[in-house]
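Colleague: Please find one structure pasted underneath; my questions will follow.
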Amino acid sequence: MTLFLLTVVIIGVLSSLFGLNYIKTFGEGYSVELLTIFTNNFLPFPKEKITFVFPMFIIYIAPKLFALFGLGDFFYKDFRICSVYVFTRKDNRVNWFMNKLFKMLEYLLLYYAGITAVVVMVGLVNNLPILSVEHLLMIFAATVVLNVMATLVFVLLTNILSLYIGAEMSLALTLLIYAFLHLPAFVKLNSQLQNLLKKLDPVLQPVLPWHDDSFLQKYLKLLDMPALSGFSVWWSLLILGVYLVLVILAGIRVIKTVEITDKI
């Protein structure tokens, strides 16, 4: 738990300090809400053939990678301890899977809520104003929920694949897929195709500045970034919900059928 809290604080402080330094370059108008939107939730629109701003990408992806590495072998650890008890009885398998799912969800909620809370505190310590408590709470909730759901999709995928190819190979394959899915954020394509890919891409749903919700756009005028029409937080919740349901159903099917005792 100490290591977990330390990781949350370090990621929250470092990313928010970078975000604070960046948003202050816009002059007046910055706030705790803008810092929360920007930190860990920002990728620029690709304006040329390839647009890659390394510091922003690292700030965006680092918390997700820590979560993937931390929970990527969550299933596999149990295989070595209780595989015979769990995987020789069909009814135990699904119960075990659901227990693990909710435990991962709990960890991710604490993880992202902790990081976002640190970002808010850094903003307050640096005398940034809160323009609207209601909007800050909405931004806080959107940040946590979208990041949790997007990360959970890939954490589950990694753990399901580990039933077949082991924890190390499954993590490597998931990271390869995860990196590839970021391409629409960096490579300029046909506008309609690019906007569609962004709206459907699970790894890009937490990019809050691309959303057109009014409670976000109020604070994003300083960034001079166009929002995607029809790309709202509710849309992202729907898309991520669909991906999660599909991965969970696939996981349940795999858990029911896989012979695990010869893989450990």
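The values are calculated or read from the model by the stated rules, or taken from the named source; none is laboratory data. Given the structure is predicted, the values throughout are model-derived calculations rather than measurements. As a convention, Cβ positions derive from the backbone with ideal geometry for all residues, glycine included, and neighbour counts pool all protein chains shown.
Colleague: For segment 42-55, enumerate the residues that are more than 16 Å from Asn147 (Cα to Cα) and either modelled with pLDDT of 65 or more or part of a loop (DSSP other than H, G, I, E, B) (or both).
Modeller: Result: Pro44, Phe45, Pro46, Lys47, Glu48, Lys49, Thr51, Phe52, Val53, Phe54, Pro55.
Colleague: I would also like to ask the following. Check whether at least one residue in segment 154-171 is more than 24 Å from Thr7 (Cβ to Cβ) and modelled with pLDDT of 90 or more, and report yes or no.
Modeller: Taking every residue of segment 154-171 in turn, none turns out to be more than 24 Å from Thr7 (Cβ to Cβ) and modelled with pLDDT of 90 or more.
Colleague: Another one. Give Leu175, Leu171, Leu152, Leu136 a once-over and let me know the one that is within 15 Å of the chain's Cα centre (by Cα), part of a helix (DSSP H, G or I), surrounded by 18 or more Cβ atoms within 10 Å (Cβ to Cβ) and not basic (Lys, Arg).
Modeller: After applying the criteria, what remains is Leu152.
Colleague: Right, next: Might you let me know whether segment 222-237 holds any residue that is modelled with pLDDT under 80 and farther than 26 Å from Ile58 by Cβ?
Modeller: no
Colleague: Pick from segment 190-212 the residues that are part of a loop (DSSP other than H, G, I, E, B) and without any contact (Cβ under 8 Å) to a residue 24 or more places away in the chain: which of them is farthest from Phe154 (Cα to Cα)?
Modeller: Looking at residues that are part of a loop (DSSP other than H, G, I, E, B) and without any contact (Cβ under 8 Å) to a residue 24 or more places away in the chain, I get Asn190.
Colleague: Out of the residues in segment 207-221 that are among the hydrophobic types (A, V, I, L, M, F, W, C) and either buried (at least 23 other Cβ atoms within 10 Å of the Cβ) or at pLDDT 85 or above (or both), state the one that is farthest from Ala141 (Cα to Cα).
Modeller: Trp210
Colleague: What single numbered condition from (1) more than 16 Å from the chain's Cα centre (by Cα); (2) surrounded by 20 or more Cβ atoms within 10 Å (Cβ to Cβ); (3) among the aliphatic types (A, V, I, L, M) fails to hold for Ala250?
Modeller: (2)
Colleague: Okay, next question. Can you spot a residue in segment 70-85 that is at pLDDT 80 or above and either in a helix (DSSP H, G or I) or not charged (D, E, K, R) (or both)?
Modeller: Yes, there is a match, as at least one residue in segment 70-85 is at pLDDT 80 or above and either in a helix (DSSP H, G or I) or not charged (D, E, K, R) (or both).
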